[in-house]
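Peer 1: Can you keep this structure in mind? I'll have questions shortly.
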Amino acid sequence: MVKPEKTSGLLYLVRPDHPSLSMWNYECTISKYPSKFSSMVSPKTLFSVNLENASLGYIRLTEGTYRLDVVGKNDATKVFTIKNGEDKYFFLRIFSETRLSKSELTFIETSKEDSLSEILSIIGFTEFDFKLVEVPIE
């Protein structure tokens, strides 16, 4: 875990180990709302990370309201706020009711303890860096 700072918050995004659903990687994005959350306003996409099975990404964020998304999965979205000095932990959970059913993805807020437990339970848990999303100039 990274040392907290008083001028930013820290987001940890963990994709737990799930061997039967490990075939695909998922690109997750972080977008920031310009002020407070409003369904009438589209947030600006800032960062992305490609998560594979048993992996994590973490990033420092300025105080504000953000949205997590999985690229190509409109139903996998989580809006959250982060404050300076605060840590947030999310699991990217993949559910499949049967072997042949379509997988569903969701972000679940979790605790530091549960995140550490998941990370330390797997040998070779992989860490990925969030990448800055290049926004085209219009």
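The values are calculated or read from the model by the stated rules, or taken from the named source; none is laboratory data. For clarity, every value in this text was computed on a predicted model and none was experimentally measured. Using ideal geometry, Cβ is built from the backbone for each residue, glycine included, and neighbour counts are taken over all protein chains shown. The area values use the complete protein model at the heavy-atom level, side chains included, leaving out ligands, DNA and RNA. Shrake-Rupley method; radii C 1.70, N 1.55, O 1.52, S 1.80 Å.
Peer 1: Pull out all pairs, ordered by first then second residue, where Cβ-Cβ is under 8 Å, the residues are six or more apart or on different chains, the first lies in the stretch 31-44 and is closer than 14 Å to LYS78 by Cα, and the second is hydrophobic (A, V, I, L, M, F, W, C) and part of a loop (DSSP other than H, G, I, E, B).
Peer 2: Within 8 Å, the pairs are TYR33/VAL41.
Peer 1: Applying the selection to the stretch 96-117, what residues are open to solvent by less than 80 Å² (accessible area, probe 1.4 Å), over 15 Å from the mean Cα position of the chain (by Cα) and at pLDDT 90 or above?
Peer 2: Scanning the stretch 96-117 gives LEU116, SER117.
Peer 1: Moving on. Can we say GLU86 is charged (D, E, K, R) and within 20 Å of GLU5 (Cα to Cα)?
Peer 2: Yes, satisfied.
Peer 1: Okay, moving on. So which of ASP75, ASP69 is modelled with pLDDT of 95 or more and not aromatic (Phe, Trp, Tyr)?
Peer 2: Selected residue: ASP69, the only one of ASP75, ASP69 that is modelled with pLDDT of 95 or more and not aromatic (Phe, Trp, Tyr).
Peer 1: Also: Does any residue in the stretch 60-82 that is free of Cβ contacts under 8 Å to residues at least 40 places away in the same chain come within less than 6 Å, Cβ to Cβ, of a residue that is among the acidic types (Asp, Glu) six or more places away or on a different chain, and which pairs are these?
Peer 2: Final answer for the pair search is THR77/ASP69.
Peer 1: Can you find even one residue in the stretch 38-51 that is modelled with pLDDT under 90 and either closer than 21 Å to LYS131 by Cβ or touching a helix residue (DSSP H, G or I) at 6+ places or on another chain (Cβ under 7 Å) (or both)?
Peer 2: Yes, that holds for at least one residue.
Peer 1: For the stretch 55-81, enumerate the residues that are more than 13 Å from PRO34 (Cα to Cα), surrounded by 14 or more Cβ atoms within 10 Å (Cβ to Cβ) and over 13 Å from the mean Cα position of the chain (by Cα).
Peer 2: LYS73
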